[in-house]
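Structure, as structure tokens:
The values are calculated or read from the model by the stated rules, or taken from the named source; none is laboratory data. All figures in this text were calculated on a predicted structure; none of them were measured in a lab. Cβ placement follows ideal geometry from the backbone for every residue including glycine, while neighbour counts extend to all protein chains displayed.
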Ligand code: KIV
Ligand code: ZN
């Protein structure tokens, strides 16, 4: 098994995301989490860029002992001096210096020539080497650089002392096979390439950062530069969780030292401290990465997880897969959740509850445990004598509320219309008319209490209604729940009447 070094740049390239800047305390917290995760190198910052970055590299160097602490510089002496000073307390230190390698950068960024840039690259490595043994050189925009010139530059910086050579696809332009061929070309055309580790640093402008990094590794690179959650400049960088799990899932001939069980907690820590939500469908760490919502998939996963999952969520620190209940869920998924909550239903009972579930799921996006308890409370598993078939209410300003109710009483259908001082009053009035007409009760009960429980979460949540009815010196309780408060109220009233009947 060959080792792939994980160079984490969440605190440098990742932290360049607009609006996601961290203070030193937060950076230390993330650096400690990265150490626990098992990364080999932490790029702690770009010390010359600001006093805050300089100080952060110092503090991270003090706080973390296992990973190499790396500081970024341009190929400029002042940058290198600043990096050297910031790394004073690092147990293991690296300077990451470099310069643009593409003609685009040489001409339009540096307004210079290939020869001059080559000289500056060599000088920067030689100068860094005076202070630290471990020097990584980056050939910025290598993705668009002329291959022969790139090879010449890489060979020269290795002669100058570079221990790691980073081949960034800075603009995320390369296709995987092109990037892989670039690494292969360097392996074949740089005579001293065996004296350095090749590093891949890919950006995600075309959504290819992970694919490109893996192509680089299969062509011989042995270090991958990554960020947690793939955050970074513009569309981001190669994400740590993706490359690690690609190697593990495919049991490739190379692997990392990452403790994958720490992936999810680290992802959430970074997301929280950077104030940057993880997109729901993000591979490995997105909210939906292990959530199954369609009936066919849910049924398959419940029969055997591997039917629809190639990674065990436990392996990346996620407690379990999720069977999301929605209008697309099947009976297997509903039963799974009901059993989890302690309800054991016979097939005909499940059929009934499932029918009520579908009605609820059509009006409410997320069905949670509380909803399921309510569903079980209101779905009677014995035959009912009173059943509401229709409830139609007209109300509003300046209308007088009016309700039409159609009900089955002992299997016979009745319809009544009533006015009231509000939609609930009008609806209960219509129910009373039906009770009287059908003679199912001799007298009407007295409504002693009517309690509406407030909506708990969002505007589409369920209202719960409890009623107390007094009938011949006994008290009967009725319960209703629905996303429509009038429907819930009438259900509760009829449920109370049902108990009397
Ligand atoms: O994308 C890039 O080229 C970089 C370098 C500074 C390594 O981030
Ligand atoms: Zn970058």
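Of the residues examined, residue 90 is not one that is assigned by TED's automatic domain parsing to the domain that holds residue 203, within 16 Å of residue 137 (Cα to Cα), touching a helix residue (DSSP H, G or I) at 6+ places or on another chain (Cβ under 7 Å) and buried (at least 20 other Cβ atoms within 10 Å of the Cβ).
Among the residues making up segment 122-156, a single one is more than 21 Å from residue 223 (Cα to Cα) and buried (at least 24 other Cβ atoms within 10 Å of the Cβ): 124.
Residue by residue, here is whether (1) in a helix (DSSP H, G or I); (2) touching a residue at least 60 places away in the same chain (Cβ under 8 Å); (3) surrounded by fewer than 21 Cβ atoms within 10 Å (Cβ to Cβ) holds:
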{"residue": "428", "(1), (2), (3)": "yes, yes, no"}
{"residue": "442", "(1), (2), (3)": "no, no, yes"}
{"residue": "448", "(1), (2), (3)": "no, no, yes"}
{"residue": "465", "(1), (2), (3)": "no, no, no"}
{"residue": "468", "(1), (2), (3)": "no, no, yes"}
{"residue": "479", "(1), (2), (3)": "no, yes, yes"}
{"residue": "494", "(1), (2), (3)": "yes, yes, no"}
{"residue": "498", "(1), (2), (3)": "yes, yes, yes"}
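Based on this model, can you work out whether residue 469 counts as more than 20 Å from residue 356 (Cβ to Cβ) and touching a helix residue (DSSP H, G or I) at 6+ places or on another chain (Cβ under 9 Å)? In short, yes. Of all residues in segment 186-211, those satisfying the criterion of being assigned to a helix (DSSP H, G or I) and under 15 Å from residue 139 (Cα atoms) are 186, 193.
For residue 158, the test of being assigned by TED's automatic domain parsing to the domain that holds residue 99, assigned to a strand (DSSP E or B) and either touching a strand residue (DSSP E or B) at 6+ places or on another chain (Cβ under 6 Å) or closer than 23 Å to residue 75 by Cβ (or both) is failed. Any residue in segment 161-169 that is away from ligand 1 (no atom under 15 Å from the Cβ) and touching a residue at least 12 places away in the same chain (Cβ under 8 Å)? Checking segment 161-169: at least one residue is away from ligand 1 (no atom under 15 Å from the Cβ) and touching a residue at least 12 places away in the same chain (Cβ under 8 Å). Within the option set 20, 70, being within 16 Å of ligand 2 (Cβ to nearest atom), outside any loop (DSSP other than H, G, I, E, B) and touching a residue at least 12 places away in the same chain (Cβ under 8 Å) holds for one residue only, 70. Residues of segment 393-417 that are out of contact with any helix residue (DSSP H, G or I) (no Cβ under 9 Å at 6 or more places or on another chain) and at negative phi: 397, 398, 399, 408, 413. Comparison of 225, 241, 233 shows that the only residue that is in contact (Cβ under 8 Å) with a residue 24 or more places away in the chain, within 20 Å of the chain's Cα centre (by Cα) and farther than 18 Å from residue 286 by Cβ is 233. For segment 215-234, filtering for residues that are away from ligand 2 (no atom under 11 Å from the Cβ) and out of contact with any helix residue (DSSP H, G or I) (no Cβ under 6 Å at 6 or more places or on another chain) leaves 5.
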